[in-house]
Amino acid sequence: MIEWIQRRRGLIAGIVAAILFAVWASSQYEPRVLASILLSGLTLGALYFLVTSGLSLIFGLMDVLNFAHGTLFMIGAYIGFTLYANPRLLLNTLPFVLAFVAGWLLARWLPFSSLPAGHRRPLWVVAVLVGVFAVWGFELAPLATTALSSGGRVPTEQAQAPVGIFIARTLGLAITGLIAGAAFVIGSEHARRPANRDLAWPLGLLALALIIAPLRLSAEGWILALDSNTRFLLALVAGAGGGAALGGLMEWSLIRPLYSRPIYQVLVTLGLVFVGTELVKGIWGPGGYFMELPAWFSRRGPSCPSPNLIAWLQDNCASIDVLGRPFPSYRIFIIALGIAMFIGIAVLLRYTRLGMIIRAGVQDGEMVQALGINVRRVFTLVFALGAGLAALGGVAAAPFLGISPGLGQEFQLQAFIAVVIGGMGSFTGAAMGALLVGLARAFGDQMVLTGIQLPWMSEAMTFSPSIARASTVLIMALVLLLRPAGLFGKKE
Amino acid sequence: MSDVLLEVDAIHTFIGQFHILEGVSLKVRAGSITALLGRNGAGKTTTLRSIMGLNPPRSGSIRLAGEPINGRPAYEIAQLGVGYVPEHRAIFRDLTVEENLRLAERKRGDLAKRSDFIMALFPDLKRFYRHPGGKLSGGQQQMLAIARALVADNRLLLIDEPSEGLAPIIVEQIVAALRQMAAETTILLVEQNFAMAAQLADEYYILDDGRSVQHGRMADLVHDHATIDKYLGAG
């Protein structure tokens, strides 16, 4: 018994602390206030979790501290918002991306790999020149501009490039991709292994690009004519997918060459924060956007707020009654999304072969390699997965917090704190850390609002707003004093 | 039986800036057990890691059944049929015994096919099939590490110090298992425990200061006390 207590003293201390805190909190606040603080904390915790889960997986598996994770969160918000409110930008750039990838894949199919290695550098130069020529004078910023109208943001009347020129640009990028792909293939391992020479992919992508090109104008109308709920779901998918693609590309192009130089990796991800932020400012402008709530979460009327969750399914009120206090229904959605992702990742880690490889790789990546598993490919996949989760969080946060180029930074910092609290590399730790940080923020905000009154005080003690933010750092310091590896971290 | 399965020719391997292997050459014949002997720090583990592609040699060549494999990534070398049982076992502590074995599958059904053979060699693994690897005893962990290399169809097994830190009775079990395995595969064995190596190996190579200095039939080495004292004696 005593031994059992000694072994679990961390757990027991945690439970005792939680009970003490619960007793204090319930004496301090009325139940309905407490309930809404807890729900606010869960909302923030769910958003933090979407960032910390990827951060922690990436660190655990590849020892990369990804400072750009918050930037991916922010870019996800922009991509989702763009699809939701003004798909023009996406429709006008997607064919370019598809054509480039198609050309790149086609290069593998053609017999470029036998070219002499000396052709490599000149080919890169040609690829860059052709690429610059193909997109010369193509402006993104006007495509991204929207105007405020009664129904929210709508695309401004902005002439798009005529179909002929647009298709010429698309083909130009396909050729760029082909040349760049050829330069990449020369002397590479593909020369030795003629794998995946499937023509269906490159030709299919190219065809898709050419089909979208003339349909850009009408497709924009179709998307905007969809009801807001469908557009919102599409925005979640597009944001997560776009973020995952960016994350995978980032790992493959910038992180992978630097696995033997970890300090450079940190610097590269840090640099990407600035590059990403400035790019977003360049395309969408430095100001912020407000994303409207979809119809599911925005109904107002005499029957609102919905008396409970079941009633909300029918009346779609903007808020739900929680113990006599209205609570925004969209935040409940964020909580549900966080829980769904937690379960999804847990199932992936626990029951799939990929999950098994990830868990094994966190412990000993070298041994996983020695069993015949291409760990590098798993790295790219996990990086994409983590980036996709962060971007999904960004889209989910957009209607709740608004969209601005600085959106990711606050999340980056708090997510790092959450990961450290939970223990680097532990998935459960990432979830618990996110939850703790979310709750701490929510209680901190409430304390700033109402102050604290302990039994012996004649009047409430008040705090400055920075305390809410500092509270998470205090928790981190406390946890690190007691458990240097974090709550769920392995001893180092 | 005299086909050469693995041929290592004058490899030089660096770890960081340290020149660890300064010309190691050896041949492993198909169907044999070859022991790699030498003092601590002679370069035995690095030789295995070089073959496996984990510390690729900077020069020299490594051929598996005539095909050059140096410079290839470790996972490709493994896929060519090389199994690796590293020093300190390196089992995945948070994964169950079953998951440890399943991870080593290269084709679906590998484990199902070899399961009976593996469980007959190491009955303990069956008992702890669903326990995390970290909960096993040292000997059981060693058995799991060896079993993991048997799941896929491997032509060559690189086994690093299987007796390290184990009780004599466990060592005996492992010797018996290795002897049974040798009937089906080829083994390159690094072993500090000379008595164990002498029991098992057909041939030996001795490494000293990163060079292969002597080789021959194990049966001859056992009586060659001068060589044993010179290269293998404690100190």
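The values are calculated or read from the model by the stated rules, or taken from the named source; none is laboratory data. Since we're looking at a predicted model, the values are computed, not measured. So basically every Cβ, Gly included, is an ideal-geometry build from the backbone, and we count neighbours across all protein chains shown.
Scanning the range A:57-78 for residues that are under 24 Å from A:LEU401 (Cα atoms) and buried (at least 23 other Cβ atoms within 10 Å of the Cβ) yields a total of 12. Filtered by the rule that a residue be closer than 17 Å to A:GLN446 by Cβ and free of Cβ contacts under 8 Å to residues at least 12 places away in the same chain, the range A:13-39 gives A:PHE21, A:ALA22, A:VAL23, A:TRP24, A:SER26, A:SER27, A:GLU30, A:LEU34.
Scanning the range A:4-15 for residues that are surrounded by 11 or more Cβ atoms within 10 Å (Cβ to Cβ) and aliphatic (A, V, I, L, M), we see that the one that is nearest to A:LEU487 (Cα to Cα) is A:LEU11. For the range B:118-137, the count of residues that are free of Cβ contacts under 8 Å to residues at least 60 places away in the same chain and closer than 27 Å to B:ASP3 by Cβ is nonzero. Before we move on, is A:ALA318 buried (at least 19 other Cβ atoms within 10 Å of the Cβ), under 18 Å from A:ALA396 (Cα atoms) and either in contact with a Gly (Cβ under 9 Å, 6 or more places away or on another chain) or not aromatic (Phe, Trp, Tyr) (or both)? When the stated conditions are applied, A:ALA318 passes them. If A:ILE332 meets every condition in (1) under 30 Å from B:LEU144 (Cβ atoms); (2) away from every other protein chain (no Cβ under 12 Å) apart from one, which number is that one? Single failed check for A:ILE332: (1). Given the structure, is A:GLY425 of a type in the set (Gly, Ala, Ser) and within 14 Å of chain B (Cβ to nearest Cβ)? Here the answer is yes, as A:GLY425 does meet what is asked.
Return yes when B:LEU166 is modelled with pLDDT under 85, more than 23 Å from B:MET52 (Cα to Cα) and more than 14 Å from chain A (Cβ to nearest Cβ) and no when it is not. Against the criterion (modelled with pLDDT under 85, more than 23 Å from B:MET52 (Cα to Cα) and more than 14 Å from chain A (Cβ to nearest Cβ)), B:LEU166 qualifies.
Would you call B:ARG179 more than 14 Å from chain A (Cβ to nearest Cβ), under 28 Å from B:VAL4 (Cα atoms), basic (Lys, Arg) and surrounded by fewer than 21 Cβ atoms within 10 Å (Cβ to Cβ)? Yes. Considering the conditions (1) at pLDDT below 85; (2) surrounded by 20 or more Cβ atoms within 10 Å (Cβ to Cβ), A:ALA225 is excluded by exactly one of them, (2).
With respect to the conditions (1) assigned to a loop (DSSP other than H, G, I, E, B); (2) within 21 Å of B:HIS12 (Cα to Cα); (3) in contact with a strand residue (DSSP E or B) (Cβ under 7 Å, 6 or more places away or on another chain), B:GLY41 falls short on a single one, namely (3). Filtered by the rule that a residue be within 27 Å of B:LEU166 (Cβ to Cβ), more than 9 Å from chain A (Cβ to nearest Cβ) and not acidic (Asp, Glu), the range B:79-113 gives B:VAL85, B:HIS88, B:ARG89, B:THR96, B:VAL97, B:LEU101, B:LEU111. For the range B:79-119, a residue qualifies if it is outside any loop (DSSP other than H, G, I, E, B), among the charged types (D, E, K, R) and either touching an Asp or Glu at 6+ places or on another chain (Cβ under 8 Å) or within 21 Å of A:ARG350 (Cα to Cα) (or both), and the qualifying residues are B:GLU98, B:GLU99, B:ARG102, B:ASP110.
Checking the stated criteria, A:ILE357 turns out not to satisfy the condition of being part of a loop (DSSP other than H, G, I, E, B) and either touching an Asp or Glu at 6+ places or on another chain (Cβ under 6 Å) or at the interface with chain B (Cβ under 10 Å from one of its Cβ atoms) (or both). Within the range A:448-468, the residues that satisfy the criterion of being in contact with a helix residue (DSSP H, G or I) (Cβ under 7 Å, 6 or more places away or on another chain) and in a helix (DSSP H, G or I) are A:VAL448, A:ILE467, A:ALA468.
The set of residues from the range A:360-406 being out of contact with any helix residue (DSSP H, G or I) (no Cβ under 7 Å at 6 or more places or on another chain), part of a loop (DSSP other than H, G, I, E, B) and either within 11 Å of another protein chain (Cβ to nearest Cβ) or polar (S, T, N, Q) (or both) comprises just one member, A:SER404. Would you pick out the residues in the range A:41-85 that are aromatic (Phe, Trp, Tyr), touching a Phe, Trp or Tyr at 6+ places or on another chain (Cβ under 8 Å) and either at pLDDT 90 or above or within 24 Å of A:ASP445 (Cβ to Cβ) (or both)? If the condition is that a residue be aromatic (Phe, Trp, Tyr), touching a Phe, Trp or Tyr at 6+ places or on another chain (Cβ under 8 Å) and either at pLDDT 90 or above or within 24 Å of A:ASP445 (Cβ to Cβ) (or both), then A:TYR48, A:PHE49, A:PHE73, A:TYR78, A:PHE81 are the ones that fit.
Return a yes/no flag: does the range A:73-86 have any residue that is over 29 Å from A:ARG331 (Cα atoms) and part of a helix (DSSP H, G or I). No: zero hits.
In the set (1) at pLDDT below 85; (2) crowded, with 16+ Cβ neighbours inside 10 Å; (3) closer than 28 Å to A:ALA180 by Cβ; (4) among the hydrophobic types (A, V, I, L, M, F, W, C), A:LEU215 fails one condition alone, (2).
Rundown of residues vs (1) within 14 Å of chain A (Cβ to nearest Cβ); (2) under 26 Å from B:GLY109 (Cβ atoms); (3) surrounded by 21 or more Cβ atoms within 10 Å (Cβ to Cβ); (4) hydrophobic (A, V, I, L, M, F, W, C), yes/no style:
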site: B:LEU125; (1), (2), (3), (4): no, yes, yes, yes
site: B:HIS131; (1), (2), (3), (4): no, yes, no, no
site: B:GLN140; (1), (2), (3), (4): no, yes, yes, no
site: B:LEU144; (1), (2), (3), (4): yes, yes, yes, yes
site: B:LEU150; (1), (2), (3), (4): yes, yes, yes, yes
site: B:LEU157; (1), (2), (3), (4): yes, yes, yes, yes
site: B:TYR205; (1), (2), (3), (4): no, no, yes, no
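Checked against (1) within 30 Å of the chain's Cα centre (by Cα); (2) farther than 30 Å from A:LEU61 by Cα, A:PRO455 passes all but a single condition, namely (1).
Within the range B:44-78, restricting attention to residues that are in a strand (DSSP E or B) and among the hydroxyl-bearing types (Ser, Thr, Tyr), the residue that is nearest to the other protein chains (Cβ to nearest Cβ) is B:SER61. In a residue-by-residue description of the range B:176-184, the property of being more than 17 Å from the chain's Cα centre (by Cα), at negative phi and of a type in the set (D, E, K, R) applies to no position.
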